[in-house]
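Everything below concerns the one structure shown next.
What follows draws every value from the coordinates through simple rules; no lab data is involved. All values derive from a computational prediction rather than experimental measurement. All Cβ positions, even for glycine, are placed from backbone atoms using ideal geometry, and neighbour counts span all protein chains on display.
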Amino acid sequence: MNSMKRCLFLGWIAILVSGRTFFADPPVLAQQEKPSAKNRQEAFDNLIQSVKMARVIELNFVWDRNSPLLIYNPPFALGLHTSHKQTQGFIPGGIAFAADMMFFSGQHGAPTIDALGHVSHDMKLFGGVDAAASEGPTGLMALGIETYPKDRLVNRAVLLDVAPFKGVETLTAGQEITAEDLEATVKAEGVDIQPGDSVMIRTGYGKFFESDSKKYMGPRPGPDESAAQWLASKKIFLAGDDTMSFEVIPEKGTIFPVHRILIADHGIHIVENLNLEELAKVLAEEKVYEFLLVLNPPRIRGASGSPVNAFAIIPR
């Protein structure tokens, strides 16, 4: 990508991210200079036109009862509670319907996002909240996924495609991603991680989610403690990768140190089971590793996390 196209690419992302200010809460708007009706209409028109010109890349896998599942989580189940055959003839006009029932955990999904109440450190949630006093039989009473901020449903994101910058297509099982690896990838890509960003790390392991679930669920690459501290030092909002744990497995030392550092100590959300293959290919061709991330967790009160649909938006 030439320098002019790169500037246009990054400027386009900045415009779309800033567009969320038009949907801010009234108190925020009240503190700003109120635009004229004409300027406001032009801003909306420009935003809509930019979105219509965008390319959308899905970051999701199809999830079902046979999908890879972390052993710590309960099983996933889906069945029909009501079927078309059962309801045939109940409603005039030939209408019938089906309705399902699902049993799923906040840690189910491809991808899945962890709420800040998912992990505690010495029985303290992020911000010093008492973990034991903040949970009950109906779920978390603090820092559930319903607290995910709506001004981050659309966010600037950076892809750190670690594998190719270590000279491989896919990292090996149990391979640690260190702070030095992340720093080297940032330098090689020429990206700038800003406070509040979302950072996606590609290991290459996502290709096994559907093709080799046994391998995907086994020992896997992931960030180590130094990488977690490095991410936290950048004051990012969210981190995700293409494995089921966002931890190197097997761990060397304590269990789930990255979750402790990011979620409990620094209030950074973690997203797992991302499909980053197409995104990585497209961004490598463009030689730009920044994009617009759209990620919208359902507002389930008290949930420790949830499945989520995630999309990358880039210019065509």
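Pick from ASP45, ASP224, ASP151: which residue has the top mean-square fluctuation in a GNM of the chain where Cα pairs under 10 Å get a spring?
ASP45
Take each complete run of DSSP H in the chain, measure how far its Cα atoms stretch along the helix's own axis, and keep only those covering 20 Å or more with mean Kyte-Doolittle hydropathy at least 0.5; list them.
Details: long enough: 3-18 (22 Å, 1.39); 37-52 (22 Å, -0.95).
Going by DSSP H runs, the hits are 3-18.
Connecting C-alpha atoms closer than 10 Å in a GNM of the chain, tell me which of GLN88, GLN194, GLN175 has the biggest fluctuation.
Answer for the Gaussian network model of the chain: GLN88.
Compute the projected area of the convex hull of the Cα atoms of the range 204-273, averaged over all viewing directions, and report it in nm² to one decimal place.
Result: 4.4 nm².
May I ask you to derive the relative contact order of the chain, considering only C-alpha pairs under 8 Å and at least 6 residues apart, and to give it as an integer percent?
Once divided by the residue count of the chain, the mean separation gives 27 percent.
Using DSSP, restrict attention to beta bridges with both residues in the chain and report what percent are antiparallel, rounded to the nearest 5. Walk me through the numbers on the way to the answer.
Working: 30 of 44 bridges.
Restricted to the chain, the bridges split so that about 70 percent are antiparallel.
Which distance in nm do the two modelled labels at GLU180 and LYS281 give, with both placed 7 Å along the Cα-to-Cβ direction?
If labels sit at GLU180 and LYS281, their model points lie 3.3 nm apart.
Please check: in the Gaussian network model of the chain (C-alpha springs, under 10 Å), which one of LEU59, LEU262, LEU78 has the largest mean-square fluctuation.
LEU78
Would you please report the Å³ per residue occupied by the convex hull of the alpha carbon atoms in the range 258-316?
Convex hull of Cα atoms, per residue: 117 Å³.
Per DSSP helix of 4 or more residues, -39500 (n - 2.57); summed, then divided by the residues of the chain. What does that give at 222 nm, rounded to the nearest 500?
Taking each H run of at least 4 residues, the total per residue is -7500 deg cm²/dmol.
Which of GLU176, GLU58, GLU225 comes first, and how do the rest follow, when ranked by fewest Cβ neighbours within 10 Å?
So the ranking, lowest neighbour count to highest, is GLU58, GLU176, GLU225.
Can you list the aspartates and glutamates whose alpha carbon is less than 13 Å from that of LYS187, not counting same-chain residues fewer than 8 positions off?
ASP161
Report the FRET efficiency, 1/(1 + (r/R0)^6), for GLN194 and LEU153, where r is their Cβ-Cβ distance and R0 is 22 Å, rounded to 0.05.
0.75
Compute the relative contact order of the range 220-316 as a whole-number percentage, counting only Cα pairs closer than 8 Å that sit 6 or more residues apart in sequence. Could the numbers behind the result be given before it?
Details: 114 pairs, mean separation 23.4, N = 97.
Over the range 220-316, the number comes to 24 percent.
Treat the count of other C-beta atoms within 10 Å as a stand-in for reagent exposure and order HIS84, HIS108, HIS269 from fewest to most.
HIS84, HIS108, HIS269
Looking at the chain, which longest stretch skips every one of the chymotrypsin sites (Phe, Trp or Tyr not before Pro) that is in a DSSP loop with at most 13 other Cβ atoms within 10 Å, leaving the sites themselves out?
98-316
May I ask for the equivalent-ellipsoid semi-axes of the chain, computed as the square root of five times each C-alpha gyration tensor eigenvalue and listed largest first in whole Å?
30, 29, 22
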